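Student: There's a structure below that I have some questions on.
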Amino acid sequence: MQQDIVFSIFLVFAGATVLATFALFTRQPVLIAYIALGAIVGPYGIGWIEHPEQMEEMSHIGIIFLLFLLGLDMQPRALLAVLKQASTVALLSSLVFFAGGFGLTLLFGYSQMDAIIIGLAMMFSSTIIGLKLLPTTVLHHKHMGDLMVGLLLIQDMLAIFTLILLGVLKGEGDMPVWQPFVAVPILAASCYLIVRFVLLPLIMLFDRYQEYLFILAIGWCLACAEAANLIGLTYEIGAFIAGVSLATSPIAQFMAISLKPLRDFFLVMFFFALGAGVNLAMLSDVAIAAICLALMVLALKPVTFRVLLQNSSERPELAWDVGFRLGQISEFSLLIAFVAVESQLMSDKASLLIQATAIITFVLSSYIVVFNYPNPIAVSDKLRRD
């Protein structure tokens with residue numbers, strides 16, 4: 001039975017409350033509860049929510065707000081400095097991850113095209129997992145937070161390039177491969193000018209009205225996200241640029257605090273939609289390959305980041321920390337799988353392999369971080385850092 005949106009949201013948050021309570025009592029990460037809930041009540045489970053597409057579209061807003069809040073705490077000069085260091089590490093690591101995914105997929109008998117696309121999907125790490133499990137003090141005020149943001153932003157650019165490449169392979173690509181690299185500075189310059197000559201004067205004039213500042217922040221975030229999408233970038237990159245352009249504003253921290261509950265609301269939906277989208281009946285067809293691919297990712301990514309970051313003069317402890325926090329594949333990997341299947345470049349079985357690998361790496365990577373590194377949802381008081 002197809003449900004209306006109110007009933008669907010009720011199921012998500014009522015169910016999340018029950019499973020999150022159980023997860024906390026059993027000392028498990030609450031992210032696992034949200035994913036499990038999607039699998040249980042989604043179309044391949046009980047079926048109480050037969051069409052989770054609406055929830056998935058809404059959940060994407062949470063990622064947009066997440067990147068906007070990151071930008072609010074990232075000064076432009078600090079961002080440029082960390083991008084210079086992170087670019088080499090991001091590019092070299094992506095080559096390693098592609099080679100690992102491509103080679104292992106071929107060993108399991110998948111076609112060469114399936115192996116190429118799966119290899120591409122393995123290159124990226126999850127922005128949501130990586131940054132949600134990073135303490136706010138580390139994310140906003142320490143070098144490791146800046147470094148992780150830089151790595152993830154460069155991976156976002158590579159993901160855009162990958163999506164363009166898939167369009168070229170199908171023969172329908174109407175966007176030149178250089179366009180994203182030109183679009184970023186144009187969007188950044190435009191945002192800077194609008195903030196300086198329009199938004200900051202408005203903020204100074206109406207800074208006593210908190211409701212107005214809240215609406216302005218949301219409107220600016222979504223406007224830049226939509227502008228980025230129109231010129232060939234992702235919503236996330238547009239939202240991040242929107243945040244960075246406002247970072248020097250005196251009310252940037254107020255905006256960040258105001259939007260945090262809204263971000264968390266939509267992120268719960270993201271993890272629910274992730275669990276609801278997995279076809280449980282077909283998992284047995286890809287189970288062994290998915291487990292092997294996930295274990296390869298979980299082992300290869302921390303080691304690769306550790307070696308590359310240490311060679312970039314980072315401390316071994318920081319290099320391991322970053323490596324384990326980025327030791328999963330990405331929500332972009334799921335998008336690549338969707339686009340490739342829609343373009344008939346990849347088999348449904350290979351797409352399911354990417355989805356299953358994403359679930360496994362999300363879950364196991366969360367366990368590794370929650371039980372070993374400081375994070376906001378740690379079950380241990382010693383590791384819990386907001």
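The values are calculated or read from the model by the stated rules, or taken from the named source; none is laboratory data. What you are looking at is a predicted structure, and each value in this text was computed from that prediction instead of being measured. Neighbour counts are summed over all protein chains in view; Cβ atoms, including those assigned to glycine, are modelled from backbone coordinates with ideal geometry.
Student: Give the number of residues within region 253-291 that are under 14 Å from the mean Cα position of the chain (by Cα) and of a type in the set (F, W, Y).
Tutor: Total meeting the criteria: 3.
Student: Give the residue that is nearest to A86 (Cα to Cα), with candidates limited to residues of region 129-171 that are surrounded by fewer than 20 Cβ atoms within 10 Å (Cβ to Cβ), at pLDDT below 70 and touching a Leu at 6+ places or on another chain (Cβ under 9 Å).
Tutor: H140
Student: On the given criteria, is L147 touching a helix residue (DSSP H, G or I) at 6+ places or on another chain (Cβ under 8 Å) and in a helix (DSSP H, G or I)?
Tutor: Answer is yes for this residue.
Student: With respect to A115, determine if the residue is assigned to a helix (DSSP H, G or I), closer than 19 Å to F362 by Cβ and of a type outside the set (F, W, Y).
Tutor: The answer is no for A115.
Student: Can you work out which of the residues in region 277-305 that are surrounded by 15 or more Cβ atoms within 10 Å (Cβ to Cβ) and small (G, A, S) is farthest from G101 (Cα to Cα)?
Tutor: Once the filter is applied, the top-ranked residue is G277.
Student: Answer yes or no as to whether V268 is assigned to a loop (DSSP other than H, G, I, E, B), among the hydrophobic types (A, V, I, L, M, F, W, C) and under 28 Å from P29 (Cα atoms).
Tutor: no
Student: Kindly provide the set of residues from region 337-353 that are touching a Leu at 6+ places or on another chain (Cβ under 7 Å) and of a type in the set (V, I, T), ordered by number.
Tutor: V339
Student: When both residues are 6+ apart or on different chains and their Cβ atoms are under 8 Å apart, which pairs have a first residue that lies in region 314-329 and is closer than 18 Å to M296 by Cα, and a second that is at pLDDT 90 or above and not in a helix (DSSP H, G or I)?
Tutor: Matching pairs, first to second residue: L326/S125; G327/S125; Q328/S125; I329/M122; I329/F124; I329/S125.
Student: Okay, next question. Quick one: in region 36-45, which of the residues that are modelled with pLDDT of 85 or more, of a type outside the set (G, A, S) and surrounded by fewer than 24 Cβ atoms within 10 Å (Cβ to Cβ) is farthest from A378 (Cα to Cα)?
Tutor: Ranking the candidates gives P43 first.
Student: Checking the condition without any contact (Cβ under 8 Å) to a residue 60 or more places away in the chain, touching a helix residue (DSSP H, G or I) at 6+ places or on another chain (Cβ under 8 Å) and of a type in the set (G, A, S), which residue from A225, A188 passes?
Tutor: A188
Student: In region 4-16, what count of residues is obtained for those that are modelled with pLDDT of 90 or more and under 23 Å from the mean Cα position of the chain (by Cα)?
Tutor: Number of matching residues: 3.
Student: Name the residues in region 24-49 that are over 17 Å from L274 (Cα atoms), under 23 Å from the mean Cα position of the chain (by Cα) and outside any loop (DSSP other than H, G, I, E, B), would you?
Tutor: Hits for region 24-49: nothing passes.
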